[in-house]
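First up is the structure itself, then whatever we jot down about it.
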Amino acid sequence: MDEDPSLLVVVFDASQGAWAAKDALAAQGSTVGTFQGTLEAMMVFLQSYLLMHRRNDIAVVACGEAGSRMVFPTPAIEKDNVSLATGGVSSKRVQSCIVDGLRELMSASACGTASVQPAVSSKAPIAKALSQALCFTHRKITENPSVQTRLLVVQAGPDAPESYNAVMNCIFSAQKAQIPVDCLCVGPDSVFMQQAADVTGGVYCHVQEPNVLQQLLTLILPSQACRKYLRTKGQETVDFRAACFCHRRLIEIAYVCSVCLSVFCEFSPICATCGTRAVPKLLTT
Ligand SMILES: [Zn+2]
Ligand SMILES: [Zn+2]
């Protein structure tokens, strides 16, 4: 049905703070998804995706408190110019690359948070990882314009309202490049990811173990072409709230600058973003 090669780029949230909180809850008998369980489900899903088509390819970008990095393909694999599509990389090497990359990133986060910040921050730079993933897909599309690309974001922690602008810019870039963004939230519901899936035509799922693998295989695995023929439970509601530019709080009613469209929760006569002076409009009855 879908004969073009396809590239799936996974953005994996490996923030220490979010996973540590979830693992602690799981130890107390809660049914929340653990890091280990989610990673195992992810590996099975990636393997299934590669088996769907012999020319399917994957890339994984991980992000945590220490930043974001490409864990697969690694620079060594890129330099050898081998790919999964040509059978140049074994599935075992893929798994070890991903696990090693995640381990390095998480240990760097642990060292960084212990020495620099006493309190563990759960604010993963999802925006940075999204940009990296989009740059990678852009490069792949330039090399081969027939490649179908898609993104999957696996988010464990809550949204970081201070990265609202950066995340929204990534979402609109994906929309312009017609790259669907699927989102799997194993932590709290994500307003940003709901909007990302809605804007780009992707799938948003909010799940907890043991349903992670099931959701990945039934909702995320089918290609865009196949999804048209499936009767899946659509996204019921989308939270369209924006974060104000002054306090980065999610708000429902706001003042909007008529020039730069910045959103503020309190009225200010001069726009803090572009400096435009607001002219109060007097309404007469
Ligand atoms: Zn505000
Ligand atoms: Zn403005």
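A short reminder: the numbers here are calculations on the coordinates, not readings from a lab. Quick caveat, the model's predicted, so the values are computed rather than measured. Glycine gets a Cβ as well: all are built from the backbone with ideal geometry, and neighbour counts include every protein chain shown.
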Non-local amide H neighbours of residue 149 (under 5 Å, H modeled in plane, Pro and chain starts lacking H): which ones? 7
Between residue 237 and residue 176, with labels modelled 7 Å along Cα→Cβ, what's the label distance in nm to one decimal, could you check? 3.3
Label-to-label distance, nm, for residues given as residue 74 and residue 248 (7 Å Cα→Cβ offset): 3.3
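Please give the length that would be gained between residue 277 and residue 90 if that part of the chain were fully extended, namely 0.36 nm times their separation in residues minus their C-alpha to C-alpha distance (nm, one decimal).
Numbers: separation 187, 0.36 × 187 = 67.32 nm, distance 6.04 nm.
Between residue 277 and residue 90, full extension yields an extra 61.3 nm.
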Holding the Cα-Cα limit at 29 Å, pick out from 22/176; 128/176; 22/128 the pairs that are longer than that. 22/176
Checked the range 6-227 against the a/c 1.5 cut and the a/b vs b/c comparison, axes a ≥ b ≥ c from its Cα gyration tensor; verdict rounded
Under the 7 Å Cα-to-Cβ spin-label approximation, residue 218 and residue 103 lie apart by a distance in nanometres of 3.4
Search the structure for amide H atoms under 5 Å from the amide H of residue 71, placed 1.01 Å from N in the peptide plane, and list their residues when 5 or more places away or on another chain. 60, 61, 62
May I ask you to evaluate 6.51 cos²θ - 1.76 cosθ + 1.60, the Karplus curve with θ = phi - 60°, for each residue of the range 265-276 and list the ³J(HN,Hα) values in order in whole Hz, giving x for glycine and proline? 7, 10, 6, 9, x, 10, 5, 5, 8, 10, x, 5
Sorted by average packing, counted as other Cβ atoms within 10 angstrom per residue and highest first, what order do 171-184, 219-232, 57-70 take? 57-70, 171-184, 219-232
